[in-house]
Amino acid sequence: MIKFFNNFYFENIFFGRINLFNKESMSELWELKEIKDSCELIMGQSPPGSSYNEKGEGMPFLQGKAEFGKTFPSHVKFTTDPKRKVKKGSILMSVRAPVGDVNIANINYCIGRGLASLNLKNGDNKYLFYLLNYLKPKIQESGTGSTFKAITKSGLEKIKIPVPPLEDQKKIVEILEKAEKLKEWRAKADELADEYLKSIFQEMFGDPGKNPKNWDVAKIQNVVQKTKNENPEKDYPDESFYYIDISSIDSKIGKITSYSEFLGENAPSRARQKVETKDLLVSTVRPNLNAVALVSHKLNNQIASTGFCVLRPSEKISPEYLFYISRSKYFVESLINQCKGASYPAVNNSDILSLKIPIPLIAIQNQFAQIVQQVETLKTHQSQSKQEIDNLFNTLMQKAFKGDLYARFRPQIKD
């Protein structure tokens, strides 16, 4: 997330009111308000456990950070007895284990005790989203508790935030959205690299559904190894681990782009599958979204959601080949045809494991894997360019808030 307040500005606005610029040169004033005065705040409350379901009955339910994505959450559960309802567009904040992460509600939700909802009074919630992302480190420091951090309603209410005029809020959002658009364009280069690899895959192996090169065919279960489950809550309650859930995967590029850290005793109920480097994670939920990804070295021996089917390649199949099989139209359509449930379509692990796929000679698979590795190396170099762009974004944001980009737009805090 782009940090659009410089450190001096942040440290002072968080702890009190100060003048940032000479008033005589300012035509605009920004007001500093506590959250209790500037926002509508709703603290979550968990419904009765008996009301939970994954069949789409009732209202979509979010318990906490585990369901967060980069910007929007992805719900798994529903409740027929919602206690705390929040509207679409609300800012959702994780208030316990961990504290401070934010998302934007993409639909109406019921929220549990791990979340709070904030709506800026007479303001732009997208501005609030960017602001709270920047304030996250200090909000985390406000959390209390020895086992895991949490922040109370009164703790949230006392946090002071700058509330510019609505016109200025929208200008800030406009700048930040443009900056993020540039980042998206940079990410597009990685997507183009992935498209190149898909074309190489087609050239070397053909359409997996038609198997024009007459490769041997086998069920996936015959070319993968067995995996094991663990229960962090019981097996290592005092140790921390990284948790990978469905929202951790960017389905556009087939990468794990985020994950959460938990103590074993606070493990989500779905945190059960221990994964290893180059395991393939295949989401069993809404297979049309094709949420699949290989586990990176950093996430070796960490925990994935039971919402994944974990495929651990044997010596008969390369991880890279299996990954691109899972990204194919044949694979996706085969799983869609096996879906159960209209409102919450899903498949079973057995549906994935019983799917038949072509198995080329391992030497040819390895040739493809080498090409993939070369492209991944190129993408690593591209990420360095991305960092340079991020630095330029931060400079742009600082200038915007100092008023260097346009004369009228200059922030100031009221006495």
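The values are calculated or read from the model by the stated rules, or taken from the named source; none is laboratory data. Every value quoted in this text rests on a predicted model; they were computed, and no experiment measured them. All Cβ positions, even for glycine, are placed from backbone atoms using ideal geometry, and neighbour counts span all protein chains on display.
Of the residues making up region 275-289, not one is buried (at least 23 other Cβ atoms within 10 Å of the Cβ), within 18 Å of the chain's Cα centre (by Cα) and among the charged types (D, E, K, R).
Only one of the numbered conditions (1) within 24 Å of residue 244 (Cα to Cα); (2) surrounded by fewer than 21 Cβ atoms within 10 Å (Cβ to Cβ); (3) free of Cβ contacts under 8 Å to residues at least 40 places away in the same chain is violated by residue 148, and that is (3). For residue 106, the criteria (1) modelled with pLDDT under 95; (2) in contact with a Lys or Arg (Cβ under 7 Å, 6 or more places away or on another chain) hold in every case but one, which is (1). Examine region 80-101 for a residue that is on the phi > 0 side of the Ramachandran plot and modelled with pLDDT of 90 or more, and state whether such a residue exists. Checked region 80-101: at least one residue is on the phi > 0 side of the Ramachandran plot and modelled with pLDDT of 90 or more. The residue that is farthest from the chain's Cα centre (by Cα), among those in region 58-71 that are modelled with pLDDT under 95 and part of a loop (DSSP other than H, G, I, E, B), is 63. For the condition of a type in the set (Gly, Ala, Ser), touching a Ser or Thr at 6+ places or on another chain (Cβ under 9 Å), touching a residue at least 24 places away in the same chain (Cβ under 8 Å) and closer than 29 Å to residue 60 by Cβ, residue 123 qualifies. Cβ-Cβ contacts under 6 Å between residues 6 or more apart (or on different chains), taken from a first residue in region 77-101 that is outside any strand (DSSP E or B) to a second residue that is hydrophobic (A, V, I, L, M, F, W, C) and buried (at least 24 other Cβ atoms within 10 Å of the Cβ), are listed as 82/110; 84/111. Residues that are in the same structural domain as residue 37 (by TED's automatic domain parsing) and part of a loop (DSSP other than H, G, I, E, B) are absent from region 169-181 altogether. Here are the criteria: (1) touching a residue at least 40 places away in the same chain (Cβ under 8 Å); (2) among the β-branched types (Val, Ile, Thr); (3) outside any loop (DSSP other than H, G, I, E, B). Tell me which single one residue 107 does not satisfy. For residue 107, the failing item is (3). With the structure loaded, tell me whether residue 370 is more than 20 Å from the chain's Cα centre (by Cα) and without any contact (Cβ under 8 Å) to a residue 60 or more places away in the chain or whether it fails that test. When the stated conditions are applied, residue 370 passes them.
Results for (1) in contact with a Leu (Cβ under 9 Å, 6 or more places away or on another chain); (2) over 30 Å from residue 264 (Cβ atoms); (3) in the same structural domain as residue 47 (by TED's automatic domain parsing), shown as yes or no for each residue.
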site	(1), (2), (3)
66	no, no, yes
69	no, no, yes
88	no, yes, yes
98	no, no, yes
109	yes, no, yes
118	yes, yes, yes
121	no, yes, yes
126	yes, yes, yes
133	no, no, yes
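Note on region 334-387: residues that are more than 22 Å from residue 273 (Cβ to Cβ), outside any helix (DSSP H, G or I) and among the hydroxyl-bearing types (Ser, Thr, Tyr) total 1.
You will find that of 177, 195, the residue that is in contact (Cβ under 8 Å) with a residue 12 or more places away in the chain, surrounded by fewer than 18 Cβ atoms within 10 Å (Cβ to Cβ) and among the acidic types (Asp, Glu) is 177 and no other.
State yes or no: is residue 155 surrounded by 15 or more Cβ atoms within 10 Å (Cβ to Cβ) and over 25 Å from the mean Cα position of the chain (by Cα)? So residue 155 passes the test.
Would you mention how many residues in region 179-213 are out of contact with any Leu (no Cβ under 9 Å at 6 or more places or on another chain) and either closer than 22 Å to residue 314 by Cβ or among the aliphatic types (A, V, I, L, M) (or both)? The number of residues fulfilling the criteria is 11.
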